[in-house]
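The structure appears below as structure tokens.
The values are calculated or read from the model by the stated rules, or taken from the named source; none is laboratory data. In this text the structure is predicted, and so the values were computed from the model without any measurement. All Cβ positions, glycine included, derive from the backbone under ideal geometry; neighbour counts span all protein chains shown.
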Amino acid sequence: MKYINQCDYEHIPYRTNVLRQDFTPEQKMKSVAKSGCGPCSICMMVELLTDTSLSVEDCVKIAEESVANHSVGTDMKILGPVIAKKFNLEYKQSNNLEDAIEHLKLGGKIVVHVGVPVGAEIGLFTK
């Protein structure tokens, strides 16, 4: 599986906050480096679970077409099922650690959503 670091994709535009009426087009235009951890994770997962690769550019296009980019970054509740259907994968979301561990034991894969608690330091895996 190819490792994709979103910080390497400053050159790829990624519009976010698209439903915000109070944001100008300039405020909505970000980059994959700033707001694209979801598409990057999805691309790695597709390659890991299928015999296909999905480019970051194509994944951003799918995210924008499905309006998964309506917030600060990518809404995986929207993009996850769209990608799962497109690549014939199963998709489930859970906040339960035991579910995640059981899924891994059965050979499944997970993408962990790491948020940033208020006041916490932002790091490479917490943007």
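In the stretch 81-127, of all residues being exposed (fewer than 10 other Cβ atoms within 10 Å of the Cβ) and part of a helix (DSSP H, G or I), the one that is modelled with the lowest pLDDT corresponds to Leu97. The single condition among (1) farther than 15 Å from Val112 by Cα; (2) modelled with pLDDT under 95; (3) buried (at least 16 other Cβ atoms within 10 Å of the Cβ); (4) β-branched (Val, Ile, Thr) that Val18 does not meet is (3). Of all the residues in the stretch 35-67, those that are farther than 22 Å from Met1 by Cβ and either part of a loop (DSSP other than H, G, I, E, B) or in contact with an Asp or Glu (Cβ under 8 Å, 6 or more places away or on another chain) (or both) number 2. The residue that is nearest to Val60 (Cα to Cα), counting only those in the stretch 14-34 that are in a loop (DSSP other than H, G, I, E, B) and among the hydroxyl-bearing types (Ser, Thr, Tyr), is Thr16. Residue selection: Val67 fails the criterion of being within 16 Å of His113 (Cα to Cα) and surrounded by fewer than 16 Cβ atoms within 10 Å (Cβ to Cβ). Only one entry of Glu47, Glu57 meets the criterion of being over 13 Å from the mean Cα position of the chain (by Cα) and of a type in the set (Asp, Glu), and that entry is Glu47.
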